[in-house]
Amino acid sequence: MASNQNNPTCCTLCPAMCPMELVWKAPDRPVVEYPTEAGAGLCPRGSALGELLASPYRIRRPVDIEAAAELMTDGATVLIDGNLPLEEIAAAAGIVSAWGGVNLCCVVSPEDEQLLLGIEATGAVYLADDDLAGCDGFVVVGDVFAANPRCARNVMDALAKHRRAPLVVIDAGGSVTAKFATRRIICRPGDETDALVGDDVASAVEARKRLGVIISAEAGRGNIWRRIGYQAGELAKSHGGGVSAQTIGANALAAVRLNKHLGLLSLAKALKQDSGVLVPLGVDILGMMGWADMDVPVVAAALPNCTTESARVVLPVALSCEMSGTYLQAGTQTVKTSALLPPPAGVPTVSELLRALAESAGADVPPSGGGLPPTGRISIPVPDSAEVKVPDGKVLIAARQAARHGDGALTAYAEWQKQSSPLPEIRMSQADAADLGLRDLAQVEVETESYKTIARLRIVKYIRPGTLAISESYPEARRLMPYVIDADSDAIISNPTTVAVRAVEPVKAQ
Amino acid sequence: MSEEVVKRILLDMDRCIECGSCAAACYYSHGAMPAVQSARQGPAMLPVICRQCKDAPCVAACPVEAMVRDDAGIVRRNLSRCIGCGSCARACPFGVLPNDVTRKQIAKCDLCADRTASGNGAVPRCVAACPVGALQFADENEVSAGNILILGGRTTGKDRFKRR
Ligand code: SF4
Ligand code: SF4
């Protein structure tokens, strides 16, 4: 049964939806003010929002609707961010259906999309962050504490309450979460599926009556995530618990459901379409996919990104936190939030922009209805088992991080992030570092067959020799392991990639 | 000279998930001069924050009296007097004072006195921002009474996870 909550203003960059407030330090400088009492919490992504809303890099150029509409006359596929309020997505879908000849896709991170489809196939209950505190044990896949730092508090509180509660962490990427595990399964990338149904997990959670299964879906593990979602749901159901998917953005589940309910295109289909141009509105599609070349003539963005670099027409657009509206939490609860700030003068929201484009193309667009679109559970077949081909030698996978958001396009403009972590971090074992003659925190050159970039080395304890994990929230890191569209499954995947790492400066013997 | 402060910022190393929320909160609320540093501690990269020492070596080392203990007992840096010589940074035994190479001035934790001076249970921003409750703003005597050992301003002991 759906229940409703009101959150006056909050961060919507992850499912924690931390309450936050802005104050004005100067007439043009909003900053986050933290609640005066302990315990609220706001991670670096949320802290950066105040600065980003008033960033001097904001795109505010004139909204050249005619030039954009001109480029869309032979049809278009519009991509919108899946992390918009429900009302905004519904309005965009309404406009596109009245327009005709134009398709719409609500974009979610490819791993999150697959994970959520897998969970939907099980009928398992989704747990909100606060529900985690009531669990009597946890099975975790990936770096969930980095994906959503707030969920760590609830996990730790639950462990303090149930002294024998297990925290089983299955991880290939040298995660922070693994350090806190009571039982650690450090696997090869792609082996998470076997581990989740293996004897180690079964015996560790045997007596649990309310198990929390928490997943953070990271790139570089091939096509495992739909299967993982399914296995996670089944495991949680068999122990009276539920699943918590630590997605990029608070509304990923809603977007996945709306793509089905409203008959929108999947991202794989949208990218394969050859009818008309691709028009990303508020999505850095090139940065997200790690692709260098794609013809994207029209794009809307709040801040410059990989896609705006090559577009012929760049339009300004509001950030999702500049729009009031409703988010779906834990599968059934709707949470209404207010905009942190209204968009800057002259900067349209996604639906305002889409309406202007449609009207300029001569479409008769009715006013948007006020109701919420359907967000009920969708029916998904049980996914097949998944197998990942891991090449020989050292392989590169991706890892989540607390400081930066998603594909990194937004937080790339945050000053603290720029100063504290200007380079992506690449994690490797002590054995690999010794093998390559590298020291901790050294600058290194990372090369795959697709790309070459500079990163900062971090030696970590809980990673298998031969596996290297790079922070995913940097466009240059994504280009090292670009996504491909899997023709069989219609999924977008990134596989573990052979990698070479070398020092960029001579290393002195210690 | 005034008395030392009663409440300090204490870190529970067994809860810190290295998320950097504390450092980001300090950066964004202290004019981009963050006083939360990070340091390698075994396998972790943990925040290091001013201990508000009783006999503060940084105060003694400052040649221009820019680093002082104020009336509330907080060791503070008076930015308009600071000449950026770095004496305090070198004197600090815990390495919590960064020397800002661009501005040639020292960033210094003031316990967010603008919030905490009222005493209404308000905590410094780093403590409020910490998503897991690893940072506490507490009287170390009270924390010790809770059977937690404090070492150089950090809490330890009673470690469920026995990691570090
Ligand atoms: S991104 Fe950070 S601040 Fe935003 S909701 Fe998630 S944990 Fe909270
Ligand atoms: S905010 Fe808390 S958990 Fe995060 S680094 Fe700081 S002390 Fe550690």
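The values are calculated or read from the model by the stated rules, or taken from the named source; none is laboratory data. What you see is a predicted model, and the numbers here were worked out from it, not measured in a lab. Neighbour counts are summed over all protein chains in view; Cβ atoms, including those assigned to glycine, are modelled from backbone coordinates with ideal geometry.
Per the listing B:VAL68, B:VAL59, the residue uniquely free of Cβ contacts under 8 Å to residues at least 12 places away in the same chain, surrounded by 15 or more Cβ atoms within 10 Å (Cβ to Cβ) and out of contact with any Asp or Glu (no Cβ under 6 Å at 6 or more places or on another chain) is B:VAL68.
When B:SER29 is tested against the conditions (1) polar (S, T, N, Q); (2) near ligand 2 (Cβ under 8 Å from one of its atoms); (3) facing another protein chain (nearest Cβ under 7 Å), the lone failure is (2).
How many of the residues making up segment A:34-59 are among the charged types (D, E, K, R), over 20 Å from the mean Cα position of the chain (by Cα) and modelled with pLDDT of 90 or more?
The initial filter retains those residues of segment A:34-59 that are among the charged types (D, E, K, R), namely A:37, A:45, A:51, A:58.
Then keep just the ones that are over 20 Å from the mean Cα position of the chain (by Cα); that gives A:37, A:51, A:58.
Still in the running and modelled with pLDDT of 90 or more: A:51, A:58.
Selection size over segment A:34-59: 2.
Conditions (1) among the hydrophobic types (A, V, I, L, M, F, W, C); (2) touching a residue at least 40 places away in the same chain (Cβ under 8 Å); (3) surrounded by fewer than 21 Cβ atoms within 10 Å (Cβ to Cβ), marked per residue:
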residue	(1), (2), (3)
A:ILE80	yes, yes, no
A:ASN83	no, yes, no
A:TRP99	yes, yes, no
A:VAL108	yes, yes, no
A:GLU111	no, yes, no
A:ALA152	yes, no, no
A:LEU159	yes, no, no
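Counting only residues that are more than 11 Å from chain B (Cβ to nearest Cβ) and free of Cβ contacts under 8 Å to residues at least 60 places away in the same chain, which one in segment A:14-25 is farthest from the chain's Cα centre (by Cα)? Only one residue fits best here, namely A:TRP24. Confirm whether B:ALA23 is more than 16 Å from ligand 1 (Cβ to nearest atom), touching a residue at least 40 places away in the same chain (Cβ under 8 Å), within 14 Å of chain A (Cβ to nearest Cβ) and small (Gly, Ala, Ser). In short, no. Residue-level check: of (1) part of a strand (DSSP E or B); (2) more than 12 Å from ligand 2 (Cβ to nearest atom), B:ASP71 misses just (1).
Does segment A:230-250 hold any residues that are out of contact with any strand residue (DSSP E or B) (no Cβ under 6 Å at 6 or more places or on another chain), assigned to a helix (DSSP H, G or I) and not basic (Lys, Arg), and which are they? Hits for segment A:230-250 are A:TYR230, A:GLN231, A:GLU234, A:SER238.
So which residues in segment B:3-20 are within 13 Å of ligand 2 (Cβ to nearest atom) and either of a type in the set (Lys, Arg) or free of Cβ contacts under 8 Å to residues at least 60 places away in the same chain (or both), if there are any at all?
B:ARG15, B:GLU18, B:GLY20 - these are the residues of segment B:3-20 that are within 13 Å of ligand 2 (Cβ to nearest atom) and either of a type in the set (Lys, Arg) or free of Cβ contacts under 8 Å to residues at least 60 places away in the same chain (or both).
If a residue must be part of a loop (DSSP other than H, G, I, E, B), over 21 Å from A:GLY406 (Cα atoms) and within 16 Å of ligand 1 (Cβ to nearest atom), how many such residues does segment A:101-155 contain? Of the residues in that region, 2 qualify.
Count, please, the residues in segment B:111-143 that happen to be part of a loop (DSSP other than H, G, I, E, B), touching a residue at least 60 places away in the same chain (Cβ under 8 Å) and more than 7 Å from chain A (Cβ to nearest Cβ).
Taking segment B:111-143 and keeping what is part of a loop (DSSP other than H, G, I, E, B), we get B:111-112, B:117-124, B:130-134.
Now restrict to residues that are touching a residue at least 60 places away in the same chain (Cβ under 8 Å): B:111-112, B:124, B:130-134.
Add one more test, that the residue is more than 7 Å from chain A (Cβ to nearest Cβ), and what stays is B:111-112, B:124, B:134.
Counting residues in segment B:111-143 that are part of a loop (DSSP other than H, G, I, E, B), touching a residue at least 60 places away in the same chain (Cβ under 8 Å) and more than 7 Å from chain A (Cβ to nearest Cβ) gives 4.
Within segment B:1-20, the set of residues being more than 16 Å from ligand 1 (Cβ to nearest atom) and crowded, with 17+ Cβ neighbours inside 10 Å comprises B:VAL5, B:LYS7, B:ARG8, B:ILE9, B:LEU10, B:LEU11, B:ASP12, B:MET13, B:ASP14.
One line per residue, one yes/no per condition, for (1) buried (at least 24 other Cβ atoms within 10 Å of the Cβ); (2) of a type in the set (Phe, Trp, Tyr); (3) closer than 20 Å to A:ARG404 by Cβ:
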residue	(1), (2), (3)
A:ILE224	yes, no, no
A:ARG227	no, no, no
A:ALA236	yes, no, no
A:HIS239	no, no, no
A:GLY242	yes, no, no
A:ILE248	yes, no, yes
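Residues that are without any contact (Cβ under 8 Å) to a residue 40 or more places away in the chain and more than 14 Å from chain B (Cβ to nearest Cβ): list the strands (runs of 3 or more DSSP E) wholly contained in segment A:415-510 that include at least 1 such residues.
Working: elements: A:425-428, A:443-447, A:452-459, A:467-471, A:484-486, A:491-493, A:500-503.
The qualifying strands (runs of 3 or more DSSP E) are A:452-459, A:484-486.
Here are the criteria: (1) within 20 Å of A:SER216 (Cβ to Cβ); (2) of a type outside the set (Phe, Trp, Tyr); (3) outside any helix (DSSP H, G or I). Tell me which single one A:LEU253 does not satisfy. So the condition that A:LEU253 fails would be (3).
A:THR73 falls short on exactly one of the conditions (1) more than 16 Å from ligand 2 (Cβ to nearest atom); (2) under 18 Å from A:ASP129 (Cα atoms), and that condition is (2). When the residues of segment A:29-47 are filtered to those that are near ligand 1 (Cβ under 9 Å from one of its atoms) and more than 7 Å from every other protein chain (Cβ to nearest Cβ), the one that is surrounded by the most Cβ atoms within 10 Å (Cβ to Cβ) is A:GLY46. Among the residues of segment A:139-153, those that are over 12 Å from A:ALA204 (Cα atoms) and either within 15 Å of the chain's Cα centre (by Cα) or more than 9 Å from chain B (Cβ to nearest Cβ) (or both) comprise A:VAL140, A:VAL141, A:GLY142, A:ASP143, A:VAL144, A:PHE145, A:ALA146, A:ALA147, A:ASN148, A:PRO149. Using the structure shown, decide if A:ARG61 is of a type in the set (Lys, Arg), assigned by TED's automatic domain parsing to the domain that holds A:ASP295, within 27 Å of A:MET289 (Cα to Cα) and more than 16 Å from ligand 2 (Cβ to nearest atom). For A:ARG61, the condition - of a type in the set (Lys, Arg), assigned by TED's automatic domain parsing to the domain that holds A:ASP295, within 27 Å of A:MET289 (Cα to Cα) and more than 16 Å from ligand 2 (Cβ to nearest atom) - is met. Of all residues in segment A:195-222, those satisfying the criterion of being crowded, with 24+ Cβ neighbours inside 10 Å and closer than 15 Å to A:GLU111 by Cα are A:ILE214, A:ILE215, A:SER216, A:ALA217, A:GLU218, A:ALA219, A:GLY220, A:ARG221. Somewhere in segment A:287-299, is a residue in contact (Cβ under 8 Å) with a residue 24 or more places away in the chain and under 16 Å from A:VAL102 (Cβ atoms)? Yes.
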